[in-house]
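Take a look at the structure set out below.
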Amino acid sequence: MNNIEKYSAIFCEALEVENKDLEGLKYQDVIGWDSIGHMNLISELEEGFDIMLETDDIVDFSSFEKGMEILKEKYGIQF
C-alpha cells in the first residue's frame with residue numbers, strides 16, 4: 001500500500017466516508033468530522049505514518065488536501 005492509499009484508507013475508516021467522497025472533503029462537511037472525529041483522525045494518521053503532529057498542524061488540518069500538504073511539507077511524507 002502506498003502513502004496515498006494509506007492516507008485515504010485512514011480518512012475513510014476514521015470518518016466513515018467512501019473513497020469517492022475524499023476529494024474536496026473539508027472539516028465538518030460530514031457528520032463524522034466534528035471535533036472528536038478530528039482528533040480520532042489525527043490519532044490514526046499519527047499511528048499510521050509513525051509521526052507526531054504539532055498542535056498548529058492539527059488546527060490547520062482542515063481538509064483532505066490540506067492534510068496531504070501538511071504531511072508532505074512538514075513531515076516528509078511523499079504522496
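The values are calculated or read from the model by the stated rules, or taken from the named source; none is laboratory data. Values in this document were obtained by computation on a predicted structure and should not be read as measured data. Cβ coordinates were reconstructed from backbone atoms using ideal geometry, including for glycine residues, and neighbour counts include every protein chain displayed. SASA here: full protein model, heavy atoms, side chains in, ligands and nucleic acids out. Shrake-Rupley method; radii C 1.70, N 1.55, O 1.52, S 1.80 Å.
The table that follows gives values for the structure above.
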read-out	value
Which numbered condition GLN78 misses (of (1) touching a residue at least 60 places away in the same chain (Cβ under 8 Å); (2) out of contact with any helix residue (DSSP H, G or I) (no Cβ under 7 Å at 6 or more places or on another chain); (3) open to solvent by 40 Å² or more (accessible area, probe 1.4 Å); (4) of a type outside the set (A, V, I, L, M, F, W, C))	(2)
Test set (1) of a type outside the set (A, V, I, L, M); (2) open to solvent by 100 Å² or more (accessible area, probe 1.4 Å); (3) under 10 Å from the mean Cα position of the chain (by Cα) - LYS20 fails condition number	(3)
Residue ID - farthest from GLN78 (Cα to Cα), chosen from residues in the range 23-49 that are among the aliphatic types (A, V, I, L, M), open to solvent by 70 Å² or more (accessible area, probe 1.4 Å) and assigned to a helix (DSSP H, G or I)	ILE36
The lone exception for ILE4 - which of (1) open to solvent by 30 Å² or more (accessible area, probe 1.4 Å); (2) in a loop (DSSP other than H, G, I, E, B); (3) hydrophobic (A, V, I, L, M, F, W, C) it fails	(2)
GLU69 being closer than 22 Å to ASN19 by Cβ and in contact (Cβ under 8 Å) with a residue 24 or more places away in the chain	no
Number of the condition not met by GLU16 [criteria: (1) in contact with a Gly (Cβ under 6 Å, 6 or more places away or on another chain); (2) modelled with pLDDT under 95]	(2)
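Residues are listed down the side, and each one gets a yes or a no for (1) in contact (Cβ under 8 Å) with a residue 60 or more places away in the chain; (2) among the polar types (S, T, N, Q):
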{"position": "ASN3", "(1), (2)": "yes, yes"}
{"position": "LYS6", "(1), (2)": "no, no"}
{"position": "ALA9", "(1), (2)": "no, no"}
{"position": "ALA14", "(1), (2)": "no, no"}
{"position": "HIS38", "(1), (2)": "no, no"}
{"position": "SER43", "(1), (2)": "no, yes"}
{"position": "GLY48", "(1), (2)": "no, no"}
